[in-house]
Amino acid sequence: MRFLIISHAPHIKSDSRLYAYRPYVKEMNMWLNHVDDVEIVAPKSNIKPTLIDESYEKNEIELTAIPEISLISISKILRAILLSPMIMYRIFIAMKKADHIHLRCPGNIGLLGCFVQILFPYKTKTAKYAGNWDPDAKQPLSYRLQKYILNNTFLTRNIKVLVYGEWPKQSKNILSFFTASYSIKDKEEVILRKYDLPLRFLFVGSLSQGKRPLYALKLVEGIIKLGLPSEIHIYGDGVLKKELQQYVNENKLEKFVYYHGTQTAEEIKDAYKKSHFLILPSKSEGWPKVVAAEAMWWGVIPIVTSISCVPWMIGNGSRGILLKGRLKKDIKKIEKELQNKNALRTKSNKAQLWARNYTVERFESEITKLL
């Protein structure tokens, strides 16, 4: 089988290996275990791989490099319009040679792939929609357009679109799916937490506007001001690093905030084992892996915004704490939850039991069925 991937993820060639964003590559390695030839149509980057990158396990991968495009300004939109015909032509040639077409969405390259795949109604296809599939969510036009094309059985045929959560009034194209980080072998016994002070909070993710790390920091600051000794450990990097450091300095929070930067999966796993809560106040998510596939696995209680399939994921509050996005009210809600340690232990146990249903073995088994 010749397997084609259409992706917006920048790819790096280094020491005869092909690298890209670690969580994406880990997932794709499981797909590639079951195919013969692989072609990837994606942007190529000339930077060196970092800790957030990983190499594909398959050695012989054909990379068809295309320009990276963006729609965040007038000049970039004009550039994208000029480059789109060439990108779509390369996608078309790759799809013509492929036995199975796999689209990575949402993204600008995924959008072009959605248009081109209409010309191949009889080829077997899958699409991984890694964003918020909620039909009522307010999203950019490009995202809504991708969702419309993929859900439309006239425009898009012979496809399974993997989405997070279960949503009403979806076409036969749509398949509710999941993702996983840990194996059955990782099912170690979790030490029962006492929830003694200081409370240990975690933030794991990019330091970007979408992930709202500053809001997480302000939540912990509010808990501290209530007289509950707490600390927050931040794992990740991004454009908001300086802003966070400035806020910490201005509000004299140096004793309570620990910045670890980008770390290995093993180091983050150790952090989960030592922590009580994970805060992820994102503006948008698909299946937040750090919540469902990682933190909950180790009994860490997620404190998360009510977006996408997250409420379902945490049992509408039985396995975690839902935020409303209003700081004072969210702090009061967390304070109320902290008053009942037995209820916290129950949430932790339920979170762990739920998350451990989703192993990499089960994930790969489901992928095999799709191929």
Within segment 167-175, is even one residue open to solvent by less than 50 Å² (accessible area, probe 1.4 Å), in contact (Cβ under 8 Å) with a residue 24 or more places away in the chain and among the small types (G, A, S)? no
Options N152, N158; residue that is at positive phi, surrounded by fewer than 23 Cβ atoms within 10 Å (Cβ to Cβ) and polar (S, T, N, Q): N158
Of everything in segment 58-93, what is in contact (Cβ under 8 Å) with a residue 40 or more places away in the chain and acidic (D, E)? Give them in sequence order. E68
Residues (outside any strand (DSSP E or B), surrounded by fewer than 21 Cβ atoms within 10 Å (Cβ to Cβ) and of a type in the set (V, I, T)) located in segment 308-340: I331
Unique match (being of a type in the set (D, E, K, R), under 28 Å from N132 (Cβ atoms), at pLDDT 90 or above and in a strand (DSSP E or B)) among E39, E27, E62, E54: E54
Give segment 216-236 a look and list any residue that's open to solvent by 20 Å² or more (accessible area, probe 1.4 Å), among the charged types (D, E, K, R) and without any contact (Cβ under 8 Å) to a residue 60 or more places away in the chain, or say none. K225, E231
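One line per residue, one yes/no per condition, for (1) at pLDDT below 95; (2) in contact with a Lys or Arg (Cβ under 7 Å, 6 or more places away or on another chain):
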| site | (1), (2) |
| --- | --- |
| D237 | yes, no |
| L240 | yes, no |
| K252 | yes, no |
| Q263 | yes, no |
| I268 | yes, no |
| K274 | yes, yes |
| F277 | no, no |
| S284 | yes, no |
| P288 | yes, no |
Residues of segment 341-353 satisfying the condition of being under 25 Å from K185 (Cα atoms) and open to solvent by less than 30 Å² (accessible area, probe 1.4 Å): K347, S348, A351
State all residues of segment 42-51 that are open to solvent by less than 30 Å² (accessible area, probe 1.4 Å) and modelled with pLDDT under 95; if no residue qualifies, say none. S45
Within segment 199-215, is there a residue that is open to solvent by less than 20 Å² (accessible area, probe 1.4 Å), farther than 19 Å from G320 by Cβ and modelled with pLDDT under 95? yes
Residue that is modelled with pLDDT of 95 or more and either in a helix (DSSP H, G or I) or open to solvent by 30 Å² or more (accessible area, probe 1.4 Å) (or both), where the choices are L82, L71: L82
Could you look through segment 10-24, keep only residues that are outside any strand (DSSP E or B), at pLDDT below 95 and not charged (D, E, K, R), and pick out the one that is least open to solvent (accessible area, probe 1.4 Å)? Y24
Would you check if there is a residue in segment 96-106 being surrounded by 16 or more Cβ atoms within 10 Å (Cβ to Cβ), over 25 Å from the mean Cα position of the chain (by Cα) and not charged (D, E, K, R)? yes
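The values are calculated or read from the model by the stated rules, or taken from the named source; none is laboratory data. Worth saying up front: this structure is predicted, and the values here are computed from it rather than measured. Using ideal geometry, Cβ is built from the backbone for each residue, glycine included, and neighbour counts are taken over all protein chains shown. Side chains included, ligands, DNA and RNA excluded: accessible areas come from the protein's heavy atoms. Shrake-Rupley method; radii C 1.70, N 1.55, O 1.52, S 1.80 Å.
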